[in-house]
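Asks: Have a look at the structure that comes next, please.
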Amino acid sequence: MFSYYQLSVPVYARALQQLAHLLDKGADFALSKKVSDETMLGLRLAPDMLPLVKQVQIACDNAKFCVARLSDTTAPKHDDNEKTFAELKKRIDETISFINSVPESAFANAAGKTIVLPFMPDKPMSAEFYLLSFLTPNFYFHLTTAYDLLRSNGVEIGKADYIGEV
């Protein structure tokens, strides 16, 4: 049986490392094509979807808030003001550092928790539902959307760049 720690911290850290790798490829592409970071970070799949910069910010927020909520720790605050690939990579690094800093023992009471999100106060969730059926799919939605934005705009990335070394 997997623990809440095992299903969050190492999973999110690995995925965020791959997101940073994707951003490196995006930055290299932008430099080679003389496209500004602002243009690249503003890419959208559809007019009503959030841009690349928000996809990365939300993926980081998903990881840090999930770990914080399940472990009774406080997530670091980010101002959502990143304007460059380098600034987004710094946010990813800070998020990975935070989640890796939370010890497995901090998740000891996670199973019994009820999670109430500030933006959905009338929809409390069990910790199990929150982690497995709400947060993790949402996390991967934003990671995949970031990948799709880069790939659909010419960045040469593939499944191996998304998944990482096996």
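Asks: Provide, for q = 0.14, 0.16 Å⁻¹, the log10 of I(q)/I(0) from a solvent-free Debye sum over equal Cα point scatterers in the chain.
Replies: Debye intensities relative to I(0), on a log10 scale: -0.72, -0.91.
Asks: Continuing with this model, one more query. Quick check of the Kirkwood formula: for the stretch 52-150, what is the inverse mean of 1/r over all pairs of different Cα atoms, in Å? Present the calculation step by step, with values, prior to reporting the outcome.
Replies: Numbers: mean 1/r = 0.0702 Å⁻¹.
Taking every pair of different Cα atoms in the stretch 52-150, averaging 1/r and inverting gives 14.2 Å.
Asks: Over 29 Å between C-alpha atoms is what I'm after, so list which of 25/64; 25/54; 33/64; 25/123 land there.
Replies: Pairs exceeding the cut-off: 33/64; 25/123.
Asks: Using only helices, what value at 222 nm comes out for the chain when you add -39,500 (n - 2.57) per DSSP H run of length 4 or more and divide by the total residues, to the nearest 500 deg cm²/dmol? Intermediate results must be reported in sequence, preceding the final value.
Replies: Values: 6 runs with 89 residues, N = 166.
So the helix-based figure for the chain works out to -17500 deg cm²/dmol.
Where a number appears in this text, it was derived from the coordinates with a stated rule and is not lab data. Bear in mind the structure is a predicted one, so any value in this text is a computation, not a measurement.
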